[in-house]
Amino acid sequence: MKPHIGITDKNLKNSIELLSVTLADAMTLYTKTRKFHWNVTGESFMEMHKLFENQYTQLEKNIDEIAERISKLGGKTIGTMTEFIEKTRLKESPAVYPTSKEMVKELLDDHEKVVVQLRKDITIAAEENADLGTADFLTAMLLQHESTAWILRRYISE
């Protein structure tokens, strides 16, 4: 059943697409963080292992919330690796196993890319789609990514 929440069908469709890309980015970042959790080595192994676990656990919650937001807007949530790969704005590095410092740097870069994109998406959701709920939802996601980026930045700051 189609929601009647004061947003045009066109704008609902646009918000759903925007959220689908956000979901693809979250899945890519989740998968990369899991990979790093599984493959981290070195002096700070346990600390980094736990850091990455905390981060992918938060991403997993975000993924579910994004999917539910899509559903609330009347959309169908993408759910295959092919769909995620087609829509993500982040890059993967198959068969590459960086050092723990390089892992932190790569995740920091990805979180910062997500922050930059979410700033644009929030404006689109609010101004173009007249979807303040999605704008607010994305703002909460932005704040989480900023916090994660800050934590990661502290690991490589000198």
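Only the coordinates and a few stated rules stand behind these numbers; no lab work does. Bear in mind that the values here come from a model prediction, so they are computed numbers and not experimental data. Neighbour counts are summed over all protein chains in view; Cβ atoms, including those assigned to glycine, are modelled from backbone coordinates with ideal geometry.
Placing +1 on each Lys and Arg Cβ and -1 on each Asp and Glu Cβ, with no other charges, gives the chain a dipole about its Cα centre of roughly 160 debye.
Within the range 136-158, name every residue whose backbone N is under 13 Å away from a label modeled 7 Å from Cα of T99 along the Cβ vector. Taking a point 7 Å out along Cα→Cβ of T99, the residues of the range 136-158 whose backbone N falls under 13 Å are 156. Spatial offset of the range 1-45 relative to the range 61-107 amounts to 5 Å, using the alpha carbon center of each.
Collect residues whose amide H, placed 1.01 Å from N in the peptide plane, falls under 5 Å from the amide H of S44; neighbours closer than 5 in sequence don't count. Here nothing satisfies the definition.
Normalised by the number of residues in the chain, the mean separation of alpha-carbon contacts (under 8 Å, six or more apart) gives a relative contact order of 31 percent. Residue by residue, the range 79-88 carries 3J(HN,Hα) couplings of x, 10, 4, 4, 5, 5, 5, 5, 9, 5 Hz when phi is fed to the Karplus relation 6.51 cos²θ - 1.76 cosθ + 1.60 (θ = phi - 60°); x denotes Gly or Pro.
Of all lysines in the structure, those lying under 16 Å Cα to Cα from K113, and not within fewer than 8 positions of it along the same chain, are K32, K87, K91, K105. Place +1 on the Cβ of every Lys and Arg and -1 on the Cβ of every Asp and Glu in the range 9-156, take the dipole about the Cα centre, and give the residue among V114, F45, L132 whose Cα lies farthest towards its positive end. Of the candidates, F45 comes out farthest on the positive side.
Angle check, please: helix 9-39 long axis (alpha carbons) against the longest principal axis of the chain (alpha carbons), in degrees 0 to 90, nearest 10. So the helix axis and the longest Cα principal axis differ by about 10 degrees. For the chain, the equivalent ellipsoid built from the Cα gyration tensor has semi-axes of 31, 15, 12 Å, listed from largest to smallest.
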